[in-house]
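The values are calculated or read from the model by the stated rules, or taken from the named source; none is laboratory data. Because the structure is predicted, anything quoted here is derived from the model rather than measured. Heads up, the Cβs are rebuilt from the backbone with ideal geometry, glycines too, and the neighbour counts pull from every protein chain shown. Surface areas here come from the heavy atoms of the whole protein model, side chains and all, with no ligands, DNA or RNA. Shrake-Rupley method; radii C 1.70, N 1.55, O 1.52, S 1.80 Å.
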Amino acid sequence: MADTKISALAAVAAVLAAQEFAVNDAGTSKKATALQIKTWMNPFAFLGRTQLGAGATNITVSFTAQSGFFIVVGHIAGYSAGDIARLRINGDAGNNYSTASSEPADAVPTTTISTSGMILGEITQTTARSPLYALVHKPSAGQIAYMATLQGDGSAAAATAITMIQSVALWANTVDLISSFVLNSGANGSNLNTGSYLEVYGIKNAASA
């Protein structure tokens with residue numbers, strides 16, 4: 001189309017992902033989409049969310065394998081029987097995790113080695129546990145992943161005190177990048193109740209992935 005001054009162009013109703021902008025790439029004229037610009041400006045990406053429509057032992061969120069930094073957010077609506085949930089990477093149910101948990105947060109931590117997931121607490125229960133926030137860092141293939149969680153335990157009422165629970169852990173796999181997170185109900189094999197969910201956000205470490 002003919003060149004036109006920007007000031008003479010009609011305004012769009014909204015900026016959309018597929019719209020294109022001119023860029024100078026090392027002296028060469030190219031184009032970039034609004035989505036590419038958005039990704040460059042905000043490297044945190046929403047990687048997925050799964051919510052249970054019926055009780056189940058696992059909640060899984062899968063995505064393209066990558067190294068980097070992840071934020072995992074979850075809600076346990078309750079358990080079908082007494083249990084303590086675990087967070088797993090890539091569905092790895094082998095004894096490849098080491099965990100220390102305090103419940104409440106100022107209690108003496110319980111350390112558990114060679115476990116089949118990051119153990120999210122110390123006390124077996126059936127009631128809801130929320131919120132759950134996990135920070136996970138996998139620097140690159142060839143390095144282990146480090147994990148830290150902060151969790152609440154209590155009913156959803158302003159007049160009810162929430163117990164704060166904290167855990168730290170490592171995933172000893174030095175081969176694989178991260179392609180999923182799994183919230184598992186625990187060693188007793190109970191179900192996580194309907195409404196429990198898990199969602200994941202991440203920044204990809206492009207330099208090492």
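Entry comment: accessible area of the chain is 54 Å² per residue, from protein heavy atoms only and a probe of 1.4 Å. Summing charges over neighbours of THR50, with a neighbour being any other residue whose Cβ is under 14 Å away from its Cβ, gives +1 when K and R count +1 and D and E count -1. Across TYR133, TYR201, the residue with the most accessible area heads the list, and the full order at a 1.4 Å probe is TYR133, TYR201. If you run the Gaussian network model on the chain, springs between alpha carbon atoms under 10 Å, then out of THR64, THR124, THR174 the most flexible one is THR64.
When PHE69, PHE181, PHE63 are compared by accessible area at a 1.4 angstrom probe, the order from most to least is PHE69, PHE63, PHE181. In order along region 96-113, the Karplus-derived 3J(HN,Hα) couplings, from 6.51 cos²θ - 1.76 cosθ + 1.60 at θ = phi - 60°, round to 10, 10, 10, 10, 10, 10, 10, 9, x, 4, 8, 7, 5, x, 9, 9, 10, 9 Hz, and Gly and Pro are given as x.
Neighbours of SER116 by Cβ distance under 11 Å: Lys/Arg scored +1, Asp/Glu scored -1, total +1. Summed over all non-identical Cα pairs, the Kirkwood treatment of region 50-119 gives a radius of 14.3 Å. The solvent-accessible area of LYS31, taken with every protein chain present and a 1.4 Å probe, is close to 130 Å². In this structure LEU35 has an accessible area near 90 Å², from a 1.4 Å probe over the protein heavy atoms. Within the assembled protein chains, the solvent-accessible surface assigned to THR57 is about 50 Å², based on a 1.4 Å probe. Normalised by residue count, the chain yields a Cα convex hull volume of 177 Å³ per residue.
When the chain is treated as a Gaussian network with alpha carbon springs shorter than 10 Å, the biggest mean-square fluctuation among ALA26, ALA161, ALA56 belongs to ALA26. When the solvent-accessible area of the chain is split by element, carbon and sulfur atoms take up 59 percent of it, the probe being 1.4 Å.
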